[in-house]
Amino acid sequence: MIEIGVLVSGNGTNLQSIIDSIEARRCSARIKVVISNRPDAYALKRAEKHGIATEVIKKEDFPTREAYDTELAGRLRKHGVGLVALAGFMRIITRTMLEAFPMRIVNIHPALLPSFPGLDVQKKAIEHGVKFSGCTVHFVDDGVDSGPIIIQAVVPVKDDDTVETLSKRILDEEHRIYPEAIHLIGEGRLQVLGRRVVLKDGPEPTGSLENPPVSIFADKTRP
Ligand code: GRF
């Protein structure tokens, strides 16, 4: 079974979805440690409630990002972690971590990459006027939200959406796809071919969406 370390900085609803999916046996993985850069992250309390080991590594205690990541990689190794899941971890991952866990770091991003990498992406999606947004689980590489894509989920952007309403709709999907991606990695079901991540023996994706809904076939004739 794959042994994971989850890195957090905040609320930890994605961490919670991974914990819940493991406990419900929808995701076969074991969380060995949850590490935060912020001592006040609520995610730490969520982990403690489930008896999961927690650690805090504060940025002030390290002179450089690389020194921070050397400590981080060491602690993850000490806990026997084989896969690192970033779940709202608000720090840039350096080469030090990428070399310690090559193609073994994943992230969840609240937009349909490669659109809207970076921060405040729900606001950017609304302002741009896209009709769909969603979320992406991807492997982490040395760019910003640029690594090979594992799973995406799509949600409509509604005309009256605010950042809060769209974020909530996206977050609900994050909680579905992140544990699934971890499960697929743990089961060895994914093959990485350059930028493409291929699911072995997976079901065919079906269906299509449009927004606003197209009514020409439903109407048959128009007045
Ligand atoms: C999520 O929107 C995730 O996509 C982004 O950071 C947020 C973390 O939320 N990377 P939470 O701490 O898991 O509730």
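Details
- Within the stretch 8-42, considering residues that are polar (S, T, N, Q) and within 9 Å of the ligand (Cβ to nearest atom), the one nearest to residue 72 (Cα to Cα): 9
- Residue check for residue 78: of a type in the set (Lys, Arg), out of contact with any Ser or Thr (no Cβ under 7 Å at 6 or more places or on another chain) and farther than 28 Å from residue 169 by Cα: yes
- Test: residue in the stretch 78-92 that is in a helix (DSSP H, G or I), more than 20 Å from the chain's Cα centre (by Cα) and farther than 19 Å from residue 138 by Cα: yes
- Counted residues, the stretch 79-118 - those being within 16 Å of the ligand (Cβ to nearest atom), over 19 Å from residue 41 (Cβ atoms) and among the aromatic types (Phe, Trp, Tyr): 1
- Residue within the stretch 114-123 that is closer than 19 Å to residue 13 by Cα and of a type in the set (A, V, I, L, M, F, W, C) present: yes
- For first residues located in the stretch 9-24 and farther than 12 Å from residue 174 by Cβ and among the aliphatic types (A, V, I, L, M), partners that are within 11 Å of the ligand (Cβ to nearest atom) and assigned to a helix (DSSP H, G or I) and lie 6+ apart or on another chain with Cβ distances below 8 Å form the pairs 19/46.
- Cβ-Cβ distances below 7 Å connect the following pairs, each with a first residue in the stretch 77-91 that is in contact (Cβ under 8 Å) with a residue 40 or more places away in the chain and more than 16 Å from residue 29 (Cα to Cα), a second residue that is among the hydrophobic types (A, V, I, L, M, F, W, C) and within 14 Å of the ligand (Cβ to nearest atom), and a separation of six or more residues or different chains: 88/8; 89/7; 89/8.
- Criterion applied to 66, 55, 71, 60 was being outside any helix (DSSP H, G or I), among the acidic types (Asp, Glu) and either farther than 26 Å from residue 184 by Cβ or more than 16 Å from the ligand (Cβ to nearest atom) (or both), and the one residue passing it is 55.
- Residues considered: 144, 137, 121. Of these, the only one that is surrounded by fewer than 18 Cβ atoms within 10 Å (Cβ to Cβ), of a type in the set (Val, Ile, Thr) and within 13 Å of the ligand (Cβ to nearest atom) is 144.
- Among the residues of the stretch 160-211, those identified as surrounded by fewer than 10 Cβ atoms within 10 Å (Cβ to Cβ) and closer than 30 Å to residue 11 by Cβ are 160, 164.
- For the criterion of being of a type in the set (A, V, I, L, M), in a helix (DSSP H, G or I) and away from the ligand (no atom under 11 Å from the Cβ), residue 47 passes.
- Here residue 153 meets each of (1) free of Cβ contacts under 8 Å to residues at least 12 places away in the same chain; (2) touching a helix residue (DSSP H, G or I) at 6+ places or on another chain (Cβ under 7 Å) with one exception, condition (1).
FYI, it's all coordinate maths here, none of it is from the lab. In this text, all values refer to a predicted model and were calculated from it rather than measured experimentally. All Cβ positions, even for glycine, are placed from backbone atoms using ideal geometry, and neighbour counts span all protein chains on display.
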